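A short worksheet on the structure shown next.
The values are calculated or read from the model by the stated rules, or taken from the named source; none is laboratory data. Computed from a predicted structure; not experimentally measured. Heads up, the Cβs are rebuilt from the backbone with ideal geometry, glycines too, and the neighbour counts pull from every protein chain shown.
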Amino acid sequence: MTSGAAQKVLCVLYDDPVQGFPPQYARDGIPTLSQYPDGQSMPSPTAIDFTPGQLLGSVSGGLGLESFVTSQGHQFVVTSDKDAADSVFEREIVDADVVISQPFWPAYLTAERIAKAPNLKLAITAGIGSDHVDLQSAINRDMTVAEVTWCNSISVAEHAVMQMLALVRDYLPQYGWVVRGGWNIADAVSRSYDIEGMDVGVVAAGRIGLAVLKRMKPFDVNLHYTDRHRLPPEVEEELGVTFHETPESLVAACDVVSIHCPLHPETEHMFNDELIGKMRRGSYLVNTARGKICDRDAIARALESGQLAGYAGDVWFPQPAPNDHPWRTMPNHALTPHTSGTSLSAQARYAAGVREILECWFEGRPIRDEYLIVQGGGLAGTGAHSYSEGDATGGSEEAARFSTT
Ligand code: NDP
C-alpha cells in the first residue's frame, strides 16, 4: 500500500511479433469466465482499457495499462530490453517505484538490481511464479511481491496435458513426416504408445497440478502425486490418486511425470541425475513449472541415454534461453518457448489482474491476500503457503547471451 505521490512504473514485456501483429485475430473473442475452479473471483479492476483476446503481453500491448497509469499522474516506461548491463531495464530501474515483469520474459530482480533501486517497493508478476525476483532480498528490503494467482493456471494445465500426449504418442515427428511429403507409417510409429493404462504423476497438486490430475482422469491412467500438503481425502478418492511422500517414491511408480511446484530453494535442481536415475527407463517428463527445477545437463544426458523417452514443457533457465542451450537440440524433446501461460486468453486475465493490483497500490488499499508472495518483511498470502525463503535467481545473467541474429 502506498500514498498518492507520483510513481515510476517500469514494465518489462516480451517483444512485439516479428511477423507483425495479426491483421485479423484467429477468433473474434474469448469466453467470459465467471470464477476460477475453487471459487476465487476473477480479476476485478474498476475498468480495463483493452480488448480481451488481443496481444497485450508484448511491448506495444503494454498490458493495456499506459493510459490508466499516466492518467493518475504516474510515469509508465515499457521495454523488452532487460538483460545486458547497458539495457533499458538496468538504466530505468534506478528510480523505479514499481517493476512489472512476466515469467515468460523475466526481468530478473537480483539482489544487485534491488540494491540499485532504492525507491523500489512493489514487484508485480504479470502471471504466476515470482522466482525471477530474489525473494530474500525483497523480504530484507520490505518490498511487496505480488502475482496474479489463478490467471493462467488452467492455461498451463491444458499445455501440460497436450505435451504429455504429444510425447507418449510421439506426435511432433509424425507431423514432420506429413509436412516433408512422406507417408512412412513404420518410422512414424516406432516410438508411439497409448497413454491408457500408464502411471501418470504430478509433482505438486496445487492449482495447476490438481487441474492436470482432473484432466488426465478420463484417459484411464493410474494417477499419482506428491506435495508438501496432502489433498483432502474426498478429492483423493474421487480422482483415485495415490499419494507419495517423496518425489523419489513418485517417480519410481510412474511412466509419465509432470512438474507443477514453484521454483524456490527447496525445488531447485530437484530433477538431477540421481532422481532421474530413479525413474523407470523410458519415462516421459513434462516441466511447465520452471526450468531450474531440472538440472539442464542431466535432462540432456537422460534423453541421450534413453533413461527418458521424452521431455517437454515450456520453461527454461535462463530466459530467453541462449542459442546454444542444449535443450534446443537434444533428442526426443517437444519443448516450446515459455508460452503456456500467455495464451491470448490468459493475457486478458493477467492484464486485468495487474491493473487490479496497481489500483490497490495507488489508492493505498490492501492487495488481495491470494495475490501476495512477499509483504511486511516475510512470505505472505500464497507465497507463505507455496514458497520457501531464499533466492533462486543465481545464473540469470546468462540470459544476456541470447541473440536473435
Ligand atoms: P500453487 O501455489 O497453486 O501450487 C503450487 C504447489 O506446489 C502447492 O501445492 C505447493 O505445496 C507445492 N509445492 C511447493 N513446494 C513443493 C515441494 N518442495 N515439493 C512438492 N510440492 C511443492 O501454484 P500453481 O499451481 O498455480 O503454479 C505452480 C507453478 O507453476 C508456479 O509457481 C509457476 O512456477 C508455474 N507456472 C508456470 C506457468 C507457465 O507459463 N509455464 C504459468 C503459471 C505458473 P503446498 O502449497 O501444499 O505447500
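Some values worked out for this structure:
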quantity	calculated
Residue that is buried (at least 23 other Cβ atoms within 10 Å of the Cβ), within 16 Å of the ligand (Cβ to nearest atom) and outside any loop (DSSP other than H, G, I, E, B), where the choices are Ala312, Ala289, Ala334	Ala312
Matching option when the condition is buried (at least 17 other Cβ atoms within 10 Å of the Cβ), within 15 Å of the ligand (Cβ to nearest atom) and part of a helix (DSSP H, G or I), among Glu268, Glu248, Glu236	Glu236
Residue count for the stretch 226-272, restricted to those that are among the small types (Gly, Ala, Ser) and closer than 24 Å to Gly129 by Cβ	1
Near pairs, Cβ below 8 angstrom, 6+ apart or cross-chain, from the stretch 214-231 (within 21 Å of Ser249 (Cα to Cα)) to any residue that is of a type in the set (Gly, Ala, Ser) and assigned to a strand (DSSP E or B)	Leu223/Gly201; His224/Gly201; Tyr225/Gly201; Thr226/Gly201
Which numbered condition Asp194 misses (of (1) more than 26 Å from the chain's Cα centre (by Cα); (2) surrounded by fewer than 17 Cβ atoms within 10 Å (Cβ to Cβ); (3) in a helix (DSSP H, G or I))	(3)
Scan of the stretch 337-364 for residues that are part of a loop (DSSP other than H, G, I, E, B) and within 16 Å of the chain's Cα centre (by Cα), ordered by number	Pro337, His338, Thr339, Ser343
Subset tally (residues that are within 16 Å of the ligand (Cβ to nearest atom) and in a loop (DSSP other than H, G, I, E, B)) for the stretch 292-309	1
Some residue of the stretch 167-183 being surrounded by 24 or more Cβ atoms within 10 Å (Cβ to Cβ), in contact (Cβ under 8 Å) with a residue 24 or more places away in the chain and closer than 30 Å to Arg368 by Cα	no
Residue that is farthest from Leu285 (Cα to Cα) [pool: residues in the stretch 197-233 that are in a strand (DSSP E or B) and away from the ligand (no atom under 16 Å from the Cβ)]	Asn222
Search result, residues across the stretch 375-405 that are away from the ligand (no atom under 14 Å from the Cβ) and either of a type outside the set (S, T, N, Q) or in contact with a Lys or Arg (Cβ under 7 Å, 6 or more places away or on another chain) (or both)	Gly376, Gly377, Gly378, Asp391, Gly394, Gly395, Glu397, Glu398, Ala399, Ala400, Arg401, Phe402
Selection count where residues are part of a loop (DSSP other than H, G, I, E, B) and of a type in the set (Lys, Arg), scope the stretch 125-177	1
Cβ pairs under 8 Å, 6+ apart, first in the stretch 330-348 and among the aliphatic types (A, V, I, L, M), second near the ligand (Cβ under 9 Å from one of its atoms)	Leu335/Gly313; Leu335/Asp314; Ala346/Gly127; Ala346/Cys151; Ala346/Asn152; Ala346/Ser155
Unique match (being under 24 Å from the mean Cα position of the chain (by Cα), at pLDDT 95 or above, of a type in the set (Asp, Glu) and part of a loop (DSSP other than H, G, I, E, B)) among Asp28, Asp38, Asp49	Asp38
